[in-house]
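Quick notes on the structure that follows.
Taken together, the values in this text are just the output of simple stated rules run on the coordinates, not laboratory data. The model shown is predicted, which means the values in this text are computed figures rather than measured ones. Here the Cβ is made from the backbone with ideal geometry for all residues, glycine too, and neighbour counts use every protein chain on show.
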Amino acid sequence: MAKQEIDDRFKKFGTVSFTSISKVNDFIGYLEKGQVMGTKCKKCGMTFFPPRADCSGCLSSDMDWMEVTGEGTLLTFSKLQYGPVGFEGELPYTIALAQFKDVKVFGRMSKELSDADVVVGMKVKALPVQLANGKISYEFQKA
Amino acid sequence: MARVAIIGVGQSKFVRGYPGSIRELAFEAFREAVQDAKMTSKDIDASIICSAPEYDKQRSPAGVIAEYLGLTPQPTFYLETVCSSSSTGLKVAYSMVKAGLHDAICVLGFQKMSEITSAESQERMGRGADIQWESPFGTMMPAYYALHARAHMAKYGTTEEDLALIRVKAATYGQINDRAVYQKPVTLEMFKNPQDNMAGPVASPLRVGDCCANADGSSCIIVASEEKAKVFSEKPVWILGVGAASTAVNMAGRDLFSGLTVAVEASKTAYKMAGISSRDVDVAEVHDCFTIAEMMAYENLGFAKPGEGKDLIRAKETYKEGSIPVNVDGGLLSKGHPIGATGGSQLRTIVLQLRGEAGQMQVSNPEIGLVHNIGGVGLYGNVTILGRD
């Protein structure tokens, strides 16, 4: 009997990933296709980012994928001078939170932006970014 | 209805690199608390052992510690809500006494952060929040509180200097607290001098001086039924209100960034249960793991309106002589923050204040005290209201 293949795509997410298997592994597939996706409950319409396989509102597990599109507004950010193990080579970098139409998204600012560019209230878009060693993430760029 | 009291408090000195094992560290706070309660181990019916497990080498520390403290064969168990573990322990002990299960419970909080190496510690720090969705971006505790600081500054015009004022206050009292890890003075000038360590950038807008230090330490609180309190204690301190709350671990799941919803929710519950308002609080201990955390606590607990926390510290209203003294034991910023021991240390300070036994740190004749203890980045929040006869 053929060995069943394990879908562990989630281990590709981010510089250092601590999760390899999740019911929302397709999130990685969508990132590879250029899309940052959340989920929306088919039953009650609740929207989620990060995406969830199960709805905390109505307890349904029948979810649709929903793309995080358009412009978001930067709510807050911080530039780190120290990082955890595995992130030393990327320092300094800026983490941030942005409000999009239906959801908030936590992530990193693009390294292409200068400190002066990054201000609370600026317009951003969330786009996938390819990392070293076949890993993938998303980042905020100036909209 | 019968009341529940705190009749004994203890705390080890908070230090860097405790020269002993976790059971020996726990013993220091336990001995002080039990002697304070004029009890022996035999008078205690159960124990709750609190720490953050990622720093422990010992798996399931409760049994090991309970045995070392002479608390067998009484029941014991382990409890954690990260940095708020021991105030959660107090709430659970309160409930068990109130339910009539036990008459005297030991809540023992400890953390030997130096149990693991610096490299191991760095690795664990990377797993401090949502490991699936946030840790892959390289997040750290200071950066999360920095996000709150930035949001507070953008919304209310709070400045880096306002935050530095909170550290200066902490150091004022850290110097007179012989249990504190950091007992040196801190001035505003240090924050203004780019060469000074205090001004070193960590995660903008937070600097070294805005962050509390790791430490090893233990705390112990003896909780008793009214009946038992009256037998053992001349100065019982009554638990008037216990409030607790939780929220989304992921920042994207939250709506408030200039404050912590768990503190708002937990304080509402605690004030209601105690039948008081924020104006009735005479002395408070708040969870100042970072300066911005104390600023937000002023507002979330109702000591100031949202955005007006900066006015309290600018006017020195949270100093010992002010209208609402906060962290006049040096807070986490000066005492250090041995995760599992912190809540118990805060409770001890308020108990000593209400008994009039806080020495140089004593505020004038307080009747009601409050403890605000937060776990994670506002993930868990406990607010406890204490009062005296």
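Segment B:55-112 and segment B:349-389 have Cα centres separated by 20 Å.
Each peptide in B:132-143, A:59-70 receives the mean, over its residues, of other Cβ atoms within 10 Å, and ordering these scores from highest gives B:132-143, A:59-70. Would you list which aspartates and glutamates come within 19 Å of B:LYS305, measuring only between C-alpha atoms, while excluding same-chain residues fewer than 8 positions from it? By straight Cα distance, B:LYS305 reaches B:ASP162, B:ASP255, B:GLU265, B:ASP280, B:ASP282, B:GLU285, B:ASP288, B:GLU294, B:GLU317. When only Cα pairs below 8 angstrom with a gap of at least 6 residues are kept, chain B shows a relative contact order of 26 percent.
Which whole-number percent is the relative contact order of segment A:1-76 (Cα, under 8 Å, 6+ apart)? Relative contact order of segment A:1-76: 21 percent.
Only aspartates and glutamates eight or more places from B:LYS91 in sequence, or on another chain, were considered; those with a Cα closer than 14 Å are B:GLU80. Mean sequence separation of contacting Cα pairs (under 8 Å, at least six apart), scaled by the length of chain A, corresponds to a relative contact order of 22 percent. The trypsin sites (Lys or Arg not before Pro) found in segment B:43-123 that occupy coil by DSSP, while having at most 16 further C-beta atoms within 10 Å, are B:LYS57, B:ARG59.
Averaging Cα coordinates gives a centre for segment A:76-101 and one for segment A:1-40; these two points are 22 Å apart.
The distance separating the Cα centre of segment B:201-249 from that of segment B:1-40 comes to 13 Å.
Applying a threshold of 21 Å to the alpha-carbon distances of A:LYS12/A:LYS101; A:LYS104/A:LYS125; A:LYS42/A:LYS142; B:LYS112/B:LYS184 flags A:LYS12/A:LYS101; A:LYS42/A:LYS142; B:LYS112/B:LYS184 as lying beyond it.
Loop-resident GluC sites (Glu not before Pro) (DSSP state other than H, G, I, E or B) in segment A:77-143 with no more than 14 further Cβ atoms inside 10 Å of their Cβ: A:GLU112.
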